[in-house]
Amino acid sequence: MGGACSRKRGDVINEEGLQRGFSARYGKSGSSKWLGTSFSRLAVDVQQGKRKYPSLLELCIHKIREDIDKYVDKYGTFDMLPRDISQQIFNELVFSHSLTEVILEAFRDCALEDISLGDYPGVQDSWMGIICSQGSSLLSVDLSGSDVTDSGLNILKSCTNLQELTFNYCDRISDHGLRHICGLSNLTSLSFKRSNTITAQGMSAFTGLVNLVKLDLERCSGIHGGLVHLKGLRKLESLNIRCCNCITDEDMQPVSGLTNLKELQLSCNKITDFGVDYLKGLRKLILLNIEGCLVTGACLGSISALLALSYLNLNRCALSDTGCEKFSGLQNLKVLNLGFNNITNACLVSLKGGLTKLESLNLDSCRIGDEGLVNLAGLLHLKNLELSDTEVGSNGLRHISGLASLESLNLSFTLVSDSGLRKLSGLTSLKSLNLDARQITDTGLTALTGITGLTHLDLFGARITDFGTNWLRYFKNLRSLEICGGGITDAGVKNIKDLVTLTLLNLSQNANLTDKALEMISGMFTLSLHSVVYSTPPLNRVAGHVILSYLHDTHTNFGSYGRDMLVCRLRFCEPNWAIPNHFIILDGLRNSYSRKEVHIQSPFVVLVPTCFNTKTRTRTVKCYNKFLFWLPWFDCLGLLEHFKFTYNQRGIATSKAIEEFKITVLGVLQGFGKRNKEAPVN
Amino acid sequence: MKKEETVKLISAEGFEFVISMEAAMVSQTIRNMLTSPGSFAEREHGEVTFPEISTTILEKICQYFYWSLQFAKGKETEFHIEPELTLELMMAANYLHT
């Protein structure tokens with residue numbers, strides 16, 4: 001057929017971007033509270049895509065995927081197809097988890113450009129031959145999470161046109177393997193996240209990669225001293241060495257020469273003010289992340305020289321008010337994260353006036369109160385404001401009542417009470433509102449009924465009763481709702497079930513709910529599953545999430561119906577589970593159910609086995625994928641300890657927990673730490 | 001239907017399929033052919049010849065055009081594809097931006 005290639009490489013990358021978005025969540029650090037939030041947002045936002053008829057090409061590719069074994073038997077190879085078509089078939093097979101080593105053989109010499117097998121099960125050295133047979137066509141390879149070893153990398157060195165190489169979480173790659181890639185001078189992007197065997201010595205292989213624009217060595221704990229080998233990489237624009245926990249001030253010296261850097265991620269390392277001083281010459285820097293480093297206000301002098309900065313993350317540093325006046329010079333700042341610092345109202349004065357472009361401000365757990373908020377009144381572009389765990393009360397809200405652009409506001413664990421919520425009534429752009437605080441009651445909700453654009457409402461610990469649920473009907477666009485204060489009974493659920501736009505609902509800890517409630521909402525779940533499961537092909541383009549977070553309080557009154565429902569729902573979504581990008585959270589599998597075997601095929605599963613007991617621990621869940629995740633009860637205790645620790649220490653342990661347990665997402669977790677301070681009312 | 005509201009698609013073997021303009025426009029390639037200033041002949045006569053698409057495949061493609069219009073209107077039925085046609089159909093679909 002003519003040379004009209006409909007799918008250019010650019011399109012493919014976009015699709016990959018969608019896929020990769022999820023593996024990227026791995027590396028996300030920060031407190032679990034944030035992770036949890038972003039997860040639920042993601043889960044529901046994805047489904048907002050506009051429905052259009054599938055293209056004929058998509059239908060055909062879907063068809064081939066269904067009968068792939070027959071095609072492979074009949075033709076043996078796809079090399080007679082134009083490259084862009086075989087590429088799409090390949091992507092489809094990967095996306096649907098249908099690709100096996102046998103099928104892969106059919107793609108020998110197909111001149112594929114992209115091999116994106118990140119987090120794909122079973123990938124090992126024996127796959128490398130076919131991958132490398134794509135030869136000079138091959139431009140990008142992602143083998144994250146695979147068992148590929150140094151010798152696998154050796155085979156790859158013949159693909160000299162490679163531009164992007166991603167080997168995140170490959171435990172079997174070491175310094176020796178890196179030697180093989182030193183000749184791939186066309187590489188522009190290289191990623192070896194969490195490769196603990198890589199050392200400074202191995203990094204000498206990077207010296208020849210002169211075209212490198214992006215280098216990602218996140219969580220590589222042995223690279224101290226190795227950054228010196230990056231000195232010649234003048235084109236480098238993005239360097240990610242966060243959570244390496246081994247980078248020190250002296251490592252910053254070679255970084256100071258990388259003057260084309262636009263993005264620099266340094267969080268969770270041993271960098272102090274002295275190290276930050278090396279960075280003041282990086283005038284092109286747009287993003288700087290020093291979260292969790294021991295820097296004080298003294299480093300702000302160096303940072304204030306970085307006039308292009310638009311994203312600055314100083315979360316969990318050792319900032320105090322001293323030096324904070326330097327913020328006023330950073331006039332291009334759009335995102336500023338100052339959470340968990342020892343700063344007070346005095347620091348906020350410096351944000352007044354100068355930072356007019358600010359769109360996102362995080363003051364989580366800072367020592368700020370009502371008077372401080374007066375300095376935010378002029379930040380008219382502010383879209384996100386995080387005030388969780390501050391001393392802000394109802395009186396302070398009047399200062400932010402004029403921030404008409406505000407889309408997301410977090411007032412959880414603040415002193416804000418019902419009377420203050422009236423001041424929010426003018427914030428009609430609000431889409432997300434977190435009011436997870438015990439003193440919020442039904443009365444507070446009445447003041448919010450004008451904010452009809454609300455899509456996410458978190459009333460986790462608020463004392464909402466059945467009466468309050470009457471006001472929820474004003475939120476016609478609500479997609480996620482959490483009411484876990486214990487005051488909801490079946491009567492309240494009756495109101496909730498009318499919120500047809502809802503795709504995420506958390507009613508944990510409402511001990512008075514019965515089977516009847518479950519019956520009512522089961523329709524909703526079916527509905528939201530329906531749209532994922534039975535959407536016409538190609539259904540694997542729908543990046544959805546099946547959330548089976550359960551109402552798992554051991555004191556709930558669910559009888560046999562509840563259990564049957566769970567079984568039924570598991571069955572219902574089973575065909576869908578083969579599709580990647582579905583996070584499945586089996587939160588609180590009940591004892592009686594967990595005696596049966598659950599078979600799951602999905603790359604991302606988090607089991608939160610709150611109800612597993614010692615008797616049923618073995619073979620409860622069979623996992624077909626290394627990223628599926630189940631733990632015997634013994635290990636679960638360890639896991640839960642981590643979460644407990646996480647909540648108490650406000651995220652410091654999270655990265656460790658994520659790393660050890662390969663948790664991709666911390667979903668709907670509760671009952672630990674802070675949230676446990678006050679028991680739900682019964 | 002008036003003649004100017006229809007398009008004639010001609011297969012490799014010379015079979016002619018007369019379909020509505022709306023249906024034909026589902027294909028980005030045909031749309032370009034019928035609207036771009038460069039393709040005078042196609043615009044003038046409302047005819048497009050596909051010397052590389054067989055009759056069986058072209059028929060299937062026409063069926064798809066009408067199916068997708070129905071689908072867009074909310075009638076979400078399944079579009080059946082015979083396994084033996086899939087590869088050839090796929091290449092044609094690729095060519096037609098469909």
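A compact table of results
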read-out: In degrees, nearest ten, helix B:55-72 long axis to first principal axis of chain B (Cα); value: 80
read-out: Virtual paramagnetic centre 7 Å along Cα→Cβ of residue A:438, amide N under 18 Å, in the range A:393-426; value: A:393-394, A:411-419
read-out: Least to most buried among A:219, A:108 (fewest other Cβ within 10 Å first); value: A:108, A:219
read-out: The range A:55-112: C-alpha gyration tensor shape, a/c 1.5 cut-off, then a/b vs b/c; value: rounded
read-out: Test item: B:53-65 mean partner chain Cβ contacts at 10 Å; value: 1
read-out: Per-residue Cβ neighbour rank within 10 angstrom, fewest leading, B:25, B:33, A:80; value: A:80, B:25, B:33
read-out: Summed residue charge, Cβ within 12 Å of residue B:35's Cβ, Lys/Arg positive, Asp/Glu negative; value: +1
read-out: Separation of alpha-carbon centers, the range A:440-513 and the range A:76-120, rounded to whole Å; value: 46
read-out: Whole-number percent relative contact order across the range A:55-112, with pairs defined as alpha carbons under 8 Å at least 6 apart; value: 45
read-out: Spin-label pair residue A:245/residue B:70, simplified geometry with 7 Å Cα→Cβ offset, distance in nm; value: 6.0
read-out: Modelled FRET efficiency - R0 25 Å, residue A:201 with residue A:274, Cβ distances, 0.05 increments; value: 0.45
read-out: Test item: B:77-85 mean partner chain Cβ contacts at 10 Å; value: 4
read-out: Of A:357/A:383; A:214/A:326; B:3/B:73; A:193/A:357, those spanning more than 22 Å from alpha-carbon to alpha-carbon; value: A:214/A:326; B:3/B:73; A:193/A:357
read-out: Among A:474-481, A:88-95, the order from most to least packed when residues are scored by Cβ within 10 Å on average; value: A:88-95, A:474-481
read-out: Burial ordering of A:464, B:10, fewest other beta-carbon atoms within 10 Å first; value: B:10, A:464
read-out: FRET efficiency for residue B:31 and residue A:158, using Cβ-Cβ distance with R0 set to 60 Å, rounded to 0.05; value: 0.90
read-out: Peptide-level mean, for A:59-72, of C-beta atoms on other protein chains within 10 Å; value: 4
read-out: Within the range A:55-112: Cβ-based charge dipole about Cα centre, in debye rounded to nearest 20 (Lys, Arg +1; Asp, Glu -1); value: 100
read-out: Linear extension gain, residue A:74 paired with residue A:491, 0.36 nm per residue minus alpha-carbon span; value: 144.2 nm
read-out: Inter-centroid distance (Cα atoms) of the range A:350-423 relative to the range A:280-335, Å; value: 21
read-out: Mean Cβ neighbour count within 10 Å, used as a protection proxy, ranking A:207-216, A:290-299, B:87-96 highest first; value: B:87-96, A:290-299, A:207-216
read-out: Linear extension gain, residue A:419 paired with residue A:325, 0.36 nm per residue minus alpha-carbon span; value: 30.5 nm
read-out: Sum of side-chain charges, residue A:204 neighbourhood, beta-carbon under 13 Å (Lys, Arg +1; Asp, Glu -1); value: +1
read-out: Mean residue ellipticity (222 nm) of chain B, computed from DSSP H runs ≥ 4 via -39,500 (n - 2.57), nearest 500; value: -14000 deg cm²/dmol
read-out: Full-stretch length increase - residue A:349, residue A:500 - with 0.36 nm per residue and alpha-carbon distance subtracted; value: 50.0 nm
read-out: Segments A:303-316, B:63-76 sorted - mean Cβ within 10 Å per residue, highest first; value: A:303-316, B:63-76
read-out: Label-point separation in nm, residue A:520 to residue A:126, each point 7 Å along Cα→Cβ; value: 5.5
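Read the figures in this text as sums done on the coordinates, not as results from a lab. Bear in mind that the values here come from a model prediction, so they are computed numbers and not experimental data. Glycine also receives a Cβ, built like all others from the backbone with ideal geometry; neighbour counts cover every protein chain displayed.
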